[in-house]
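Read through the structure below, which is laid out as structure tokens, and then see the notes.
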Amino acid sequence: MRIAIVDYGMGNLHSVAKAIERLGYEAAVSGDAAGILEADGILLPGVGAFGDAMEQLAASGLDGVLRQAAGSGTPLLGICLGMQLLFTESEEHGLHEGLGLLPGRAVRFSPEGGLKVPHMGWNRLQFKQPEHPLLAGLDEGHVYFVHSYHVQSEREGDLLAVTDYGQPVTAMVGRGNVFGMQFHPEKSSELGLALLRNFLTLVESGATGQLSKDG
């Protein structure tokens, strides 16, 4: 099974690769379009600003590659900023267009209760769709977040898990073959690794379905 971790100059690529290897799979960190399109599953990590990330993806042509891969049914998992990039747009430092695979917008935190921004640390996942294959066999628990912006999804049905940080926060999304985790699964101990394992199991089984624009 071929797993590609998209290298576009931004992201915790090697820590994600090591987590995949700990689970007994091989992952190739790659910015090569052909290699990504030939992969059985794709991970899109990201750290930094949304606009900068989209510029990097566009400059390398990888924005189109990711849209093509997602449209063809290849399982795609966005991590942290990578999850936000899956959506329509972000308000971070001006309005920036995303990959547009899922409808929604990333907006800055405005948590009640004087909580600090960025949101940094361990927060508990609350499963919205516990029967979803990505959550199969797992219990709600804590995972590790680092972010100042969060996604407002336009579709309730795309929400797999949320957390609370002075306001509801989208933590996991999924539709068809496109998935996202706002937290860092590779830094989230046993639950994070179990979520990655479930994604890889879905890739291996070919049971993710197909992305649909109309739900």
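The values are calculated or read from the model by the stated rules, or taken from the named source; none is laboratory data. Everything numeric here is computed off the predicted structure, so don't read it as measured data. So basically every Cβ, Gly included, is an ideal-geometry build from the backbone, and we count neighbours across all protein chains shown. When the accessible area is computed, the model is the full protein with side chains, heavy atoms only, and any ligands, DNA or RNA have been set aside. Shrake-Rupley method; radii C 1.70, N 1.55, O 1.52, S 1.80 Å.
The strands (runs of 3 or more DSSP E) found wholly in segment 76-186 and carrying at least 3 residues that are touching a Phe, Trp or Tyr at 6+ places or on another chain (Cβ under 8 Å) occupy 76-79, 102-108, 119-124, 142-147, 149-153, 159-164, 168-175.
State yes or no: is Asp63 farther than 24 Å from Val143 by Cβ and either in contact with a Pro (Cβ under 6 Å, 6 or more places away or on another chain) or surrounded by fewer than 19 Cβ atoms within 10 Å (Cβ to Cβ) (or both)? Taking the combined requirement at face value, the residue does not satisfy it.
Results for (1) surrounded by 15 or more Cβ atoms within 10 Å (Cβ to Cβ); (2) in contact with a Phe, Trp or Tyr (Cβ under 9 Å, 6 or more places away or on another chain); (3) over 17 Å from Ala69 (Cα atoms), shown as yes or no for each residue.
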| site | (1), (2), (3) |
| --- | --- |
| Ala4 | yes, no, no |
| Gly11 | yes, no, yes |
| Ala17 | yes, no, yes |
| Glu21 | no, no, yes |
| Glu26 | no, no, yes |
| Ala39 | yes, no, no |
| Ile42 | yes, no, no |
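Flag not set for Asp139, criterion: surrounded by fewer than 14 Cβ atoms within 10 Å (Cβ to Cβ), among the charged types (D, E, K, R) and either modelled with pLDDT under 95 or at positive phi (or both). Being of a type outside the set (Gly, Ala, Ser) and crowded, with 23+ Cβ neighbours inside 10 Å narrows it down to one of Leu57, Leu115, so name that one. Testing whether each residue is of a type outside the set (Gly, Ala, Ser) and crowded, with 23+ Cβ neighbours inside 10 Å leaves just Leu57. Restricting attention to segment 181-196, the residues that are surrounded by fewer than 20 Cβ atoms within 10 Å (Cβ to Cβ) and either touching a strand residue (DSSP E or B) at 6+ places or on another chain (Cβ under 7 Å) or charged (D, E, K, R) (or both) total 3. Between residues in segment 4-31 that are free of Cβ contacts under 8 Å to residues at least 12 places away in the same chain and residues that are open to solvent by less than 60 Å² (accessible area, probe 1.4 Å) and among the aliphatic types (A, V, I, L, M), which pairs lie under 8 Å by C-beta distance while being six or more apart or on different chains? Going by the 8 Å Cβ cut-off, the qualifying pairs are Glu21/Ala27. The C-beta contact set for segment 76-100 (first residue under 15 Å from His150 (Cβ atoms) and polar (S, T, N, Q), second residue open to solvent by 40 Å² or more (accessible area, probe 1.4 Å) and assigned to a loop (DSSP other than H, G, I, E, B), distance under 9 angstrom, 6+ apart or interchain) comprises Thr88/Glu154.
Taking segment 149-168 as the range and being at pLDDT below 95 and either open to solvent by less than 30 Å² (accessible area, probe 1.4 Å) or aliphatic (A, V, I, L, M) (or both) as the test, only Gly166 passes.
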